[in-house]
Amino acid sequence: MSINPDLQGRRYPAGEPYQVGREKIREFARAVKATHPAHFDTAAAEALGYPDLLAPPTFAIIVAQQADAQLINDPEARIDFTRVVHADQRFTHHRPIVAGDELLAELHVDSVRAMGDGALISTRAEISTVEGEKVATTVSSILVRGEGQ
């Protein structure tokens, strides 16, 4: 079954807000080997001018992947996740993510390019606070391998 080419231009609205907690930041920082004290100690983050713990730059992937799940789970997309290879990921930060943020992510399918019986799908997640302040934009590409690949 091939990927639905009509996905291009589709927009998936934001789901439930993601609550950025201190312990989530600490766990993520440990997982990615981020060692800056501002990821672990509120006093260190406040000394740098942040209102609370500072998330590592790649923390935005957590929120973006929740948005990506809408596409992957959409039966109209016809994506077999067992055939997905992550091809690219980029982040543009509009402001740092800190503990206490409540974040939403709206997913846009920017392109669907057929590759044999597979496809390369590029998406963009626009991450903002529940109040509407832009926080980050993530751009991701996945390769969905065809049956013969």
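With a/c under 1.5 counting as rounded, go ahead and sort segment 27-113 into rounded, prolate or oblate using the C-alpha gyration tensor (a ≥ b ≥ c being the square roots of the eigenvalues; past the cut-off, prolate if a/b is larger than b/c, else oblate).
In terms of gyration-tensor shape, prolate.
Expressed as a fraction of 2.2 N^0.38 Å, the rule-of-thumb size for a compact globular protein of N residues, what is the C-alpha radius of gyration of the chain?
Here the answer is 1.16, to two decimals.
Compute the angle between helix 60-72 and the longest alpha-carbon principal axis of the chain, please, reported from 0 to 90 degrees and rounded to the nearest 10.
Value to nearest ten degrees: 20.
With a 1.4 Å probe and all protein chains kept in place, how do 2, 122 rank by accessible area, largest first?
2, 122
Which angle from 0 to 90°, rounded to the nearest 10, does the C-alpha axis of helix 22-31 make with the longest principal axis of the chain?
It works out to around 60 degrees.
If you average the C-alpha positions of segment 70-149 and of segment 1-57 separately, how far apart do those two centres end up, in angstrom?
15 Å
With the other protein chains left in place, how much accessible area per residue, in square angstrom, belongs to segment 19-149 at a 1.4 angstrom probe?
51 Å²
Counting each DSSP H run of 4 or more residues in the chain as -39500 (n - 2.57), what helix-only mean residue ellipticity at 222 nm follows after dividing by all residues, to the nearest 500 deg cm²/dmol?
-5500 deg cm²/dmol
Would you kindly give the portion of the calculated P(r) for segment 84-136 that falls above 17 Å, as a percent of all Cα pairs?
47 percent
The values are calculated or read from the model by the stated rules, or taken from the named source; none is laboratory data. What you see is a predicted model, and the numbers here were worked out from it, not measured in a lab. Just so you know, the surface numbers come from the protein's heavy atoms only, side chains and all, with ligands and any DNA or RNA stripped out. Shrake-Rupley method; radii C 1.70, N 1.55, O 1.52, S 1.80 Å.
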